[in-house]
Amino acid sequence: AAAFAALRGAVVRRLAAEPALAAAAAPPPYPEVFRPWLALVPRVGFALEHLLAAEDLFGIDRPAVVRAALEEVAAAPPAGVWGDTHRLAPWRALPPETPREEPGLSGDHDCVLCTSAVPGLTDLAARGPAARYVWDLARREDSRWVVPHGASGRPGSPHHRDQQPLWLAGDLAPVVTDWAQLTKETDV
């Protein structure tokens, strides 16, 4: 999977460098905050399968682009596995008090454990499901859910990252709504 990601990234970068796409390579006239979506490399990365399958792509020799990318990756193959480079990169308003290495991720933009990097630009994934849940309307106690980190956004809380292992594995946690089973931990 790591070799596939390296090949995909190389194909994206090579396609984006094609002279036929040069006009689209100019920085967009919009605020910098929009560049991750409007710059050429991300646009090519997100549309790659359609660009490769298009009947014609402005005369670009796509088999030659893929061949050159394959030779590039074969000359310097990735050292590790998918999760070594595909890591969670959540957006934060403030830097964490204690920096930590984020976990490796499974899945890609079109997989069950959907997380999404920007092919050709980075393997770090800032996009993924904010929550996964299954709600049983007949038996609420059979409902399940999970969030990427934990139920608390407060660093140091035992619930700050307690759901992350479940989220990474694609598992769910029980939804507890029975007051007899709920306990008060601290005042907020």
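The values are calculated or read from the model by the stated rules, or taken from the named source; none is laboratory data. All of these numbers come straight from a predicted model, not from anything done at the bench. In this analysis, Cβ positions are derived from the backbone assuming ideal geometry, glycine residues included, and neighbour counts consider all displayed protein chains.
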| request: Give the residue, chosen from P90, P77, that is over 25 Å from W37 (Cα atoms) and either at pLDDT 90 or above or touching a Pro at 6+ places or on another chain (Cβ under 8 Å) (or both). | output: P77
| said: Could you tell me how many of the residues in region 77-112 are in a loop (DSSP other than H, G, I, E, B), touching a Gly at 6+ places or on another chain (Cβ under 9 Å) and under 15 Å from H149 (Cα atoms)? | reply: 3
| request: Within region 56-73, work out how many residues are surrounded by 15 or more Cβ atoms within 10 Å (Cβ to Cβ) and not in a helix (DSSP H, G or I). | output: 2
| field | Pick from region 15-26, criterion free of Cβ contacts under 8 Å to residues at least 24 places away in the same chain and farther than 19 Å from P36 by Cβ, ranking: surrounded by the fewest Cβ atoms within 10 Å (Cβ to Cβ) | value | A23
| request: Provide a single number: the residues in region 117-138 that are within 15 Å of the chain's Cα centre (by Cα), surrounded by 19 or more Cβ atoms within 10 Å (Cβ to Cβ) and outside any loop (DSSP other than H, G, I, E, B). | output: 4
| remark: In the set V41, V12, the lone residue that is in contact with a helix residue (DSSP H, G or I) (Cβ under 6 Å, 6 or more places away or on another chain), surrounded by 14 or more Cβ atoms within 10 Å (Cβ to Cβ) and modelled with pLDDT under 95 is V41
| said: Can you tell me how many residues within region 63-78 are among the hydrophobic types (A, V, I, L, M, F, W, C) and in contact (Cβ under 8 Å) with a residue 24 or more places away in the chain? | reply: 6
| Does any residue in region 79-97 that is surrounded by 12 or more Cβ atoms within 10 Å (Cβ to Cβ) come within less than 6 Å, Cβ to Cβ, of a residue that is part of a helix (DSSP H, G or I) and modelled with pLDDT of 90 or more six or more places away or on a different chain, and which pairs are these? | V81/A2; W82/A2
| remark: Here the residues within region 140-188 that are assigned to a helix (DSSP H, G or I) and within 20 Å of P103 (Cβ to Cβ) are Q164, P165, L166, W167, L168, A169
| request: Collect the residues in region 150-168 that are loosely packed, with under 13 Cβ neighbours inside 10 Å and either aromatic (F, W, Y) or at pLDDT 90 or above (or both), keeping them in residue-number order. | output: P165
| note | Those residues of region 28-52 which are part of a helix (DSSP H, G or I) and of a type in the set (A, V, I, L, M) amount to V33, L38, L40, V41, V44, A47, L48, L51, L52
| task | Would you point out the residue of region 64-78, among those that are out of contact with any helix residue (DSSP H, G or I) (no Cβ under 8 Å at 6 or more places or on another chain) and of a type outside the set (D, E), that is farthest from A169 (Cα to Cα)? | result | A64
